[in-house]
Amino acid sequence: MRLFLAVIVLITPTSGETPAVHVSLTDKALHYGAYAGAQWMTDKLKDVSIPDISGEIYILFDNLHYTLMGITIENVKFPEPSVEFYPGRGLDASVSDVSVTLTGGWITRFGLIQDGGTFQMNVFNTDVTFAVQLGRGVGGHPFVTSVNCEAHVGGVDMQFHGGASWIFQPFVSKYRDRVRGEIEDKICPQLEESIIKLDYRLQVFGVSINVSKDLTLDLGLTDDPVIDVSSLNVGLKGVIYSIKTHAEPPFAPQPFSLAEQPDSMLTLGVSEFTLNSASYAYYSAGLLQILLNDSMIPSYSPVHLNTSSFGAFIPQLPKMYPGLLMNLQLYAREVPVVSFQPGLVTLDLQGAVKAYAIQLTGAQIPLFTLNTDSKFSGKVWTAGGRLKGSAEMKNLTVTLQATEIGGFETAALENLARVGAKLAITKLNQRLRKGVELPRLKHAELTNTTLEVETGFITISTDAQISLTEDSTD
């Protein structure tokens, strides 16, 4: 339950900002989580280590001191819990008719008499009902708190074997209600302690995730959750920053909403703002640039980075600087812009190319600067558990922005740039057709995943196959 609540709370927002990411969790997810959790609990409880239990009871004229040791859980009946959204607050959960059978050894001391043997304890017809509230805490961190808990143990049966158990076995029934009450009284405090531990982890858990060595994703939560009887809907900040500059994007996310998807467990909506914030992060950190030299050009290319080769496009260049190698500095003039339209993703790039001739001494001589304006479009989809896509160039123009060698026509260079871009897109499409595997969470695999490109955002709807393993105790 702590693992399940952690997922719920981490998508529960804080307040005041327009979210760039929306998440919707349906009751289908709750019911599946309850089913998977019950299966895991049934298997896991059998491996739980139970400490020895010591105490004393008064029999006839003296106290009987006892120790129950080597306690193991032999059998567990843990029915599927009922977990429901509580509108405007959080979650209500209940589980009924839980039964557990424990076995172990016993040691007693009654005056000068010591004895021992084995025992079997059956705890049956246990019912637990509890509710948790989800909200925001100091600094925008989410919190979870227990608001109600009730536990009832239907009965306890204890059988002692070996030794002189026949002497004190008749007295067990006298203390059966006491044992039942002690077990009953410990259930809610233990559950509430688990909720407190979860809440503490949430308070110290960072809301930013480094997605690369250069970028960090801010998953700050933006508003109170909208909870109704069938879903929980929340918004996340969804801003990608440069780790180097952490500069705030000079634009804001536009509001959007997700359509109800009751047949999916989870729906995720990511706005174009999130991708454009990543674009701005790269741009503001000066990372959208590259220096090309001739060693990076394939040997079979008909064009190389030297003044002789470029003489075919700029006749005066080899005359002014004969036989020199060249460098090309490519960089973005403006922040690249991603936009989403129904079924289509577009990318607008405004770039520039600064050309240099390299003297024998290594000094660079500025030659000219070209502006490049291009637009690309693409499609994305999911198939066979993989994210796939395709891309094409819609337009590319090259204009002369500045020159240190005199004017020249750019039509031939524009054709060259088009050929290079088309070759690059051909290789890109080969990779996009193969696709990449959909992300796999630590304890869940995404299934039945669909992706739709809407106006201003992408919607991903999915189910999940949970696989709780030995290290899933939290």
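General observations
- Among all residues of the range 207-227, there is at least one that is farther than 22 Å from ILE71 by Cα, among the polar types (S, T, N, Q) and out of contact with any strand residue (DSSP E or B) (no Cβ under 9 Å at 6 or more places or on another chain).
- When every residue of the range 39-61 is checked against the conditions, none turns out to be in a strand (DSSP E or B), in the same structural domain as MET158 (by the TED database) and surrounded by 18 or more Cβ atoms within 10 Å (Cβ to Cβ).
- Residues being under 24 Å from HIS31 (Cα atoms), open to solvent by 20 Å² or more (accessible area, probe 1.4 Å) and not β-branched (Val, Ile, Thr) - total across the range 223-241: 5
- Qualifying residue in the range 10-19 (condition: in a helix (DSSP H, G or I), at pLDDT below 85 and in contact with a helix residue (DSSP H, G or I) (Cβ under 8 Å, 6 or more places away or on another chain)): yes
- Of everything in the range 190-222 that is in a strand (DSSP E or B) and open to solvent by 50 Å² or more (accessible area, probe 1.4 Å), the residue that is modelled with the highest pLDDT is ASN210.
- Of the listed requirements (1) in contact with a Leu (Cβ under 6 Å, 6 or more places away or on another chain); (2) of a type in the set (Phe, Trp, Tyr); (3) open to solvent by 30 Å² or more (accessible area, probe 1.4 Å), TYR283 misses just one: (1).
- Applying a threshold of 8 Å to beta carbon distances and a minimum spacing of six or more residues, or different chains, the list of pairs starting in the range 355-374 at a residue that is farther than 18 Å from GLN316 by Cβ and ending at one that is buried (at least 19 other Cβ atoms within 10 Å of the Cβ) and of a type in the set (Phe, Trp, Tyr) reads GLN364/TYR356.
- Those residues of the range 105-127 which are within 15 Å of VAL172 (Cβ to Cβ) and either surrounded by fewer than 16 Cβ atoms within 10 Å (Cβ to Cβ) or free of Cβ contacts under 8 Å to residues at least 60 places away in the same chain (or both), in sequence order: TRP106, PHE110, ASP115, GLY117, THR118, PHE119, GLN120, MET121, ASN122
- Residue list for the range 149-185, restricted to those being at pLDDT 85 or above, exposed (fewer than 14 other Cβ atoms within 10 Å of the Cβ) and either under 28 Å from the mean Cα position of the chain (by Cα) or charged (D, E, K, R) (or both): GLU150, ASP185
- Which listed residue is open to solvent by 30 Å² or more (accessible area, probe 1.4 Å), more than 30 Å from SER230 (Cβ to Cβ) and not in a strand (DSSP E or B), from LEU275, LEU291: LEU275
- Pairs where the first residue, in the range 292-307, is outside the structural domain of PRO318 (by the TED database) and farther than 21 Å from LYS354 by Cα and the second is at pLDDT below 90 and loosely packed, with under 10 Cβ neighbours inside 10 Å, C-beta under 6 Å, 6+ apart: none
- Residues of the range 76-101 satisfying the condition of being free of Cβ contacts under 8 Å to residues at least 60 places away in the same chain, assigned to a strand (DSSP E or B) and open to solvent by 80 Å² or more (accessible area, probe 1.4 Å): LYS77
- Any hit, the range 25-37, residues being surrounded by 14 or more Cβ atoms within 10 Å (Cβ to Cβ), acidic (Asp, Glu) and either assigned to a helix (DSSP H, G or I) or modelled with pLDDT under 85 (or both): yes
- Restricting attention to the range 262-272, the residues that are open to solvent by 50 Å² or more (accessible area, probe 1.4 Å) and farther than 14 Å from PHE457 by Cβ total 3.
- Inspection of the range 352-371 identifies no residue that is within 30 Å of PHE256 (Cα to Cα) and of a type outside the set (Phe, Trp, Tyr).
- For the range 410-424, the condition of being more than 20 Å from SER309 (Cα to Cα), charged (D, E, K, R), in contact (Cβ under 8 Å) with a residue 12 or more places away in the chain and exposed (fewer than 15 other Cβ atoms within 10 Å of the Cβ) holds for at least one residue.
- Scope the range 304-315; condition open to solvent by 30 Å² or more (accessible area, probe 1.4 Å) and touching a helix residue (DSSP H, G or I) at 6+ places or on another chain (Cβ under 7 Å); matching residues: HIS304, ASN306, SER308, PHE313
- Any hit, the range 316-330, residues being part of a helix (DSSP H, G or I), surrounded by 20 or more Cβ atoms within 10 Å (Cβ to Cβ) and touching a residue at least 24 places away in the same chain (Cβ under 8 Å): yes
The values are calculated or read from the model by the stated rules, or taken from the named source; none is laboratory data. Keep in mind it's a predicted model, so treat the numbers as computed, not measured. Neighbour counts are summed over all protein chains in view; Cβ atoms, including those assigned to glycine, are modelled from backbone coordinates with ideal geometry. Side chains are part of the model used for accessible areas, which takes the heavy atoms of the whole protein and leaves out ligands, DNA and RNA. Shrake-Rupley method; radii C 1.70, N 1.55, O 1.52, S 1.80 Å.
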